[in-house]
Amino acid sequence: MVLLLNDSGITCFQGRMQNKKILIIGGTRFIGALFTELVSKTRHNIYLTSRKISKWIDPEYQETIERENLKNGLLYNYQFDYIFDFNGYKPEQIIDFKLKDNNSKYIFISSAWIGRPSIESKESKKSSVVGALDAVSYDYTLNKINCENKIKEIYLDNGLIVRLPIIVGARDPHQRMQYLIQRLLQNSNIAVPK
């Protein structure tokens, strides 16, 4: 499956990958919701675990559960070809799902904020770049780094980390576009990852 992002949205191409068992973690908001909508139109067996129900997936294939309780959920013992994780925010939320085989992948959607060298260093609290972040952004970034490290530890070569740049759009629950516009109108600084 290939996802192509362009001005008119995201297009999903199935290619040779047919009838795979796919788990989406957190696919009911923003990017995860759009991804869920797209893959629901393919021939794959799509499962979803989230705090909300998605209109795109048959309720029989959904589990409404808090992230912290996934190990106790019904889908935890299934084996999947692909797992797309859109909402891992703390390393203790990353658990060892059973992948189907060596070709299976755990795909973690992370953030481009992490790619900044000042964030990744242990001395980062003293960094001027990090100093510009508020405490919530700083904690979010460090937690994402720790999630990525845990995925590397658990899934080794079967883990794939995707660091998305700043994403804005109509379904954004964090209202990033409004924030950026407000900062520009106030002539305030905006930290942008490379």
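A few notes on this one:
- Of LYS98, LYS21, LYS152, LYS41, the residue with the largest accessible area leads and the full order is LYS41, LYS152, LYS98, LYS21 (1.4 Å probe).
- Solvent-accessible area of TYR89 with every protein chain in place, 1.4 Å probe, in Å² to the nearest 10: 90
- Area of ARG163 that stays accessible when all protein chains are in place (1.4 Å probe, Å², to 10): 100
- Residues with amide H under 5 Å from that of LEU160, placed H, sequence gap 5 or more: TYR106, ILE107, PHE108
- Summed residue charge, Cβ within 10 Å of PRO91's Cβ, Lys/Arg positive, Asp/Glu negative: 0
The values are calculated or read from the model by the stated rules, or taken from the named source; none is laboratory data. Treat the numbers as computed from the prediction; the structure is a model and nothing was measured. Don't worry about glycine lacking a Cβ; one is built from the backbone with ideal geometry, like all the others, and counts go over all protein chains shown. Only protein heavy atoms, including side chains, enter the accessible area calculation; ligands, DNA and RNA are left aside. Shrake-Rupley method; radii C 1.70, N 1.55, O 1.52, S 1.80 Å.
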